[in-house]
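The values are calculated or read from the model by the stated rules, or taken from the named source; none is laboratory data. This is a predicted model, so every value here is computed, not measured. Using ideal geometry, Cβ is built from the backbone for each residue, glycine included, and neighbour counts are taken over all protein chains shown.
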């Protein structure tokens with residue numbers, strides 16, 4: 001108890017270099033608004049690693065960590081492709097993963113969308129031309145939206161999701 | 001000049017009438033050229049000296065003759081980092097040393113995949129990194145790129161080890177897992193809840209980095225090295241840079257090494273904090289895990305402040321650093337770390353006070369000390385099983401010689417030991433960063449170099465263990481690049497650690513290792 005009270009009143013040392021929290025919260029609220037309109041209050045995402053270095057996964061995991069906690073804005077990462085609205089694909093598609101990628105996509109209920117996250121998944125990475133890699137996600141799946149970055153930060157991924165849903169609303173496909 | 005092991009080996013080979021030729025490499029490593037009939041003899045002699053680990057086998061096309069040469073690297077203690085035995089391959093067939101050094105199996109399988117080289121006596125001849133999607137007789141390092149696959153997918157099936165008997169059944173998991181995790185296949189054989197056997201199948205992320213690097217410039221391969229494994233970007237860039245610097249025969253300025261050390265330890269810090277959080281999540285203790293997630297995110301934000309990348313990318317380049325870090329910023333970070341280390345300790349004490357967490361961690365997933373040398377384990381996993389070895393101390397590089405820090409070693413080899421080793425390493429990393437910043441003086445951060453041709457080995461301590469790059473450069477471009485991350489050997493330990501544990505404990509055991517799939521598959 002003593003520890004907790006001391007903790008509350010002790011002077012906090014902060015680096016003061018964090019992206020403005022207000023900015024992040026506003027992005028989150030915009031995300032929530034879009035999710036409500038487009039996906040009926042909840043957007044279920046299945047993440048699929050088709051051959052990335054693991055950085056994009058780390059950033060996606062960070063979205064669920066305390067600083068971001070993206071679930072409060074209506075976005076959840078689901079375990080099964082059968083529960084997902086969106087397939088979020090990271091990394092260039094390797095030859096060894098091609099079958100698993102196609103099967104995962106086939107298991108999704110329609111309508112569904114595919115978003116490529118990171119330069120490699122967008123087909124822009126360093127790996128093009130390698131024997132082990134087929135190319136970006138669009139070589140194998142119909143990609144609806146791309147979020148580039150090496151890897152994109154959690155905030156960039158959130159902004160990407162907003163733009164993706166804006167696009168859906170404009171095209172009237174939802 | 002030579003150490004006892006190398007002289008001893010040469011004397012032994014001489015007594016068997018096997019000639020050998022010694023030379024010293026640019027990275028301080030020793031090369032010993034032996035005829036192909038000397039490989040097994042030499043490996044047998046080295047295996048008798050219990051403390052030697054085989055840290056890598058790779059093949060390189062020979063310059064002089066139109067054939068392949070096999071490189072066998074053994075870790076040495078002072079003064080040389082490694083003894084590399086070179087043997088010419090005749091008739092595309094070499095003897096397997098897997099009966100002498102079990103860690104050799106996967107190295108030989110990998111070499112066989114890439115070059116089509118046969119290993120006499122190799123117990124497991126299945127393909128390792130090339131799956132069914134590749135034509136059966138396709139070998140990327142000798143053949144050109146395969147045709148794009150048609151929509152008819154693979155028809156052949158990989159043969160897993162078979163187990164039979166009453167009450168024994170198999171659970172296949174992966175390659176696509178339920179969480180946000182990298183792909184890999186786990187084949188459990190279980191009796192009730194108890195794991196009887198686990199067979200791993202990795203390689204799903206095989207991107208062909210080695211071949212991709214051939215013919216590329218140093219700068220391009222430096223970027224490529226950062227994508228070996230995202231959370232080991234800095235250490236891979238630094239290992240590659242060290243290999244290049246060894247070839248060029250230069251040493252980066254002092255400030256460059258100081259800032260590199262800060263970045264490398266930041267990488268270790270955020271990696272370990274993530275592992276600690278993950279282990280706590282996997283035993284169902286999110287309140288205990290949250291502080292670690294918060295601490296880790298803060299370090300990742302500092303990464304971005306220092307280098308512009310949350311994964312420390314683009315900072316470390318051959319010759320030094322691509323950009324300087326302001327002293328004011330470093331002082332702020334040092335100030336931040338004061339409270340930070342207190343917060344880490346507080347988060348750790350909340351774990352120590354939870355008896356049930358300790359109960360789940362203790363005696364779970366034991367890696368016995370006898371496995372460490374044969375499987376060539378390294379890093380926190382080996383140190384949690386009583387193996388007191390850290391590349392930073394064993395063959396020190398950069399400014400690590402002058403730093404005082406503790407390398408924690410535990411003996412129980414269970415999840416708790418790995419948790420404690422990683423926790424103490426995180427705290428010791430904070431100490432290293434503090435000390436390094438305190439002695440950081442202004443100065444140049446880059447020294448230019450003129451790169452011609454040559455080859456060199458570089459070994460660094462990554463958060464996961466021993467990280468090896470072997471590089472051959474010709475006229476300033478990369479000719480051959482070999483990468484062996486710590487994960488490649490450490491994955492072998494999981495198959496042993498899970499036996500006789502219950503299946504629901506697998507996630508926490510796996511997380512306590514937290515190995516890289518991408519770093520293994522390359």
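Scanning the range A:79-106 for residues that are assigned to a loop (DSSP other than H, G, I, E, B) and crowded, with 17+ Cβ neighbours inside 10 Å gives A:84, A:85, A:91, A:92. Taking residue A:159 as the residue in question, decide whether it is at pLDDT below 90 and touching a helix residue (DSSP H, G or I) at 6+ places or on another chain (Cβ under 8 Å). No; evaluated as a whole, the condition is false for this residue. In summary, residue B:110 fulfils each of the numbered conditions (1) surrounded by fewer than 22 Cβ atoms within 10 Å (Cβ to Cβ); (2) within 14 Å of chain A (Cβ to nearest Cβ); (3) modelled with pLDDT of 80 or more with the single exception of condition (1). For the range A:16-49, taking the residues that are outside any helix (DSSP H, G or I) and surrounded by fewer than 11 Cβ atoms within 10 Å (Cβ to Cβ), the one that is modelled with the lowest pLDDT is identified as A:16. Taking the numbered list (1) surrounded by 12 or more Cβ atoms within 10 Å (Cβ to Cβ); (2) over 25 Å from the mean Cα position of the chain (by Cα); (3) more than 10 Å from chain A (Cβ to nearest Cβ); (4) modelled with pLDDT under 90 in turn, residue B:116 passes all entries but (2). Checking the conditions here, which among B:72, B:31 is under 28 Å from residue B:142 (Cβ atoms), touching a strand residue (DSSP E or B) at 6+ places or on another chain (Cβ under 6 Å) and buried (at least 22 other Cβ atoms within 10 Å of the Cβ)? The match here is B:72.
Whether any residue in the range B:358-366 is part of a helix (DSSP H, G or I), touching a helix residue (DSSP H, G or I) at 6+ places or on another chain (Cβ under 8 Å) and surrounded by fewer than 22 Cβ atoms within 10 Å (Cβ to Cβ) is what I want to check. I'd like the intermediate steps shown before the answer.
Keep residues of the range B:358-366 that are part of a helix (DSSP H, G or I), which gives B:358-361.
Next, only the ones that are touching a helix residue (DSSP H, G or I) at 6+ places or on another chain (Cβ under 8 Å) stay: B:358, B:360-361.
Going one step further and asking which of them are surrounded by fewer than 22 Cβ atoms within 10 Å (Cβ to Cβ), we end up with B:358, B:360.
So far as the range B:358-366 goes, yes, one or more of its residues are part of a helix (DSSP H, G or I), touching a helix residue (DSSP H, G or I) at 6+ places or on another chain (Cβ under 8 Å) and surrounded by fewer than 22 Cβ atoms within 10 Å (Cβ to Cβ).
From the list A:157, A:162, pick out the single residue that is within 23 Å of residue A:72 (Cα to Cα) and touching a strand residue (DSSP E or B) at 6+ places or on another chain (Cβ under 7 Å). Before you say what the answer is, go through the steps one by one.
Values: A:162 fails: touching a strand residue (DSSP E or B) at 6+ places or on another chain (Cβ under 7 Å).
After applying the criteria, what remains is A:157.
I'd like to know if the range B:94-108 contains one or more residues that are more than 21 Å from residue B:520 (Cα to Cα) and out of contact with any helix residue (DSSP H, G or I) (no Cβ under 8 Å at 6 or more places or on another chain). Within the range B:94-108, one or more residues are more than 21 Å from residue B:520 (Cα to Cα) and out of contact with any helix residue (DSSP H, G or I) (no Cβ under 8 Å at 6 or more places or on another chain). Taken over the range A:29-51, the criterion of being more than 7 Å from chain B (Cβ to nearest Cβ) and either in contact with a strand residue (DSSP E or B) (Cβ under 9 Å, 6 or more places away or on another chain) or under 29 Å from residue B:514 (Cβ atoms) (or both) is satisfied by A:31, A:32, A:34, A:35, A:39, A:42, A:43, A:44, A:45, A:46, A:50. Looking across the range A:53-82 at every residue that is within 7 Å of chain B (Cβ to nearest Cβ) and within 16 Å of residue A:150 (Cα to Cα), the one that is farthest from the chain's Cα centre (by Cα) is identified as A:53. The range B:1-120 holds helices (runs of 4 or more DSSP H) entirely within its bounds, and those carrying 3 or more residues that are under 21 Å from residue B:482 (Cα atoms) map to B:104-115.
Looking only at the range B:346-366, residues that are under 28 Å from the mean Cα position of the chain (by Cα) and either under 30 Å from residue B:261 (Cα atoms) or within 14 Å of chain A (Cβ to nearest Cβ) (or both) come to 1 in all.
In the set (1) free of Cβ contacts under 8 Å to residues at least 24 places away in the same chain; (2) at the interface with another protein chain (Cβ under 9 Å from one of its Cβ atoms), the condition left unmet by residue B:172 is number (2).
Restricted to the range B:8-28, and to residues there that are farther than 19 Å from residue B:88 by Cβ and touching a strand residue (DSSP E or B) at 6+ places or on another chain (Cβ under 9 Å), the residue that is surrounded by the fewest Cβ atoms within 10 Å (Cβ to Cβ) is B:24. Could you count how many residues in the range B:306-339 are closer than 15 Å to residue B:226 by Cα and either in contact with a helix residue (DSSP H, G or I) (Cβ under 9 Å, 6 or more places away or on another chain) or assigned to a helix (DSSP H, G or I) (or both)? Summing the residues that are closer than 15 Å to residue B:226 by Cα and either in contact with a helix residue (DSSP H, G or I) (Cβ under 9 Å, 6 or more places away or on another chain) or assigned to a helix (DSSP H, G or I) (or both) in the range B:306-339 gives 13.
Scanning the range B:184-198 for any residue that is within 23 Å of the chain's Cα centre (by Cα) and at the interface with chain A (Cβ under 9 Å from one of its Cβ atoms) turns up nothing. Condition check for residue A:13 on (1) modelled with pLDDT under 90; (2) more than 26 Å from residue B:229 (Cα to Cα); (3) out of contact with any helix residue (DSSP H, G or I) (no Cβ under 6 Å at 6 or more places or on another chain): one failure, at (3). Please verify whether the range A:120-143 includes one or more residues that are within 11 Å of the chain's Cα centre (by Cα) and under 23 Å from residue B:312 (Cβ atoms). Scanning the range A:120-143, I find no residue that is within 11 Å of the chain's Cα centre (by Cα) and under 23 Å from residue B:312 (Cβ atoms), so the answer is no.
Note on the range B:202-305: enclosed helices (runs of 4 or more DSSP H) holding 3 or more residues that are touching a helix residue (DSSP H, G or I) at 6+ places or on another chain (Cβ under 9 Å), away from every other protein chain (no Cβ under 11 Å) and closer than 30 Å to residue B:187 by Cα are B:254-282.
A single entry from B:169, B:158, B:134, B:138 fulfils the requirement of being touching a strand residue (DSSP E or B) at 6+ places or on another chain (Cβ under 7 Å) and either at pLDDT below 85 or assigned to a loop (DSSP other than H, G, I, E, B) (or both): B:158.
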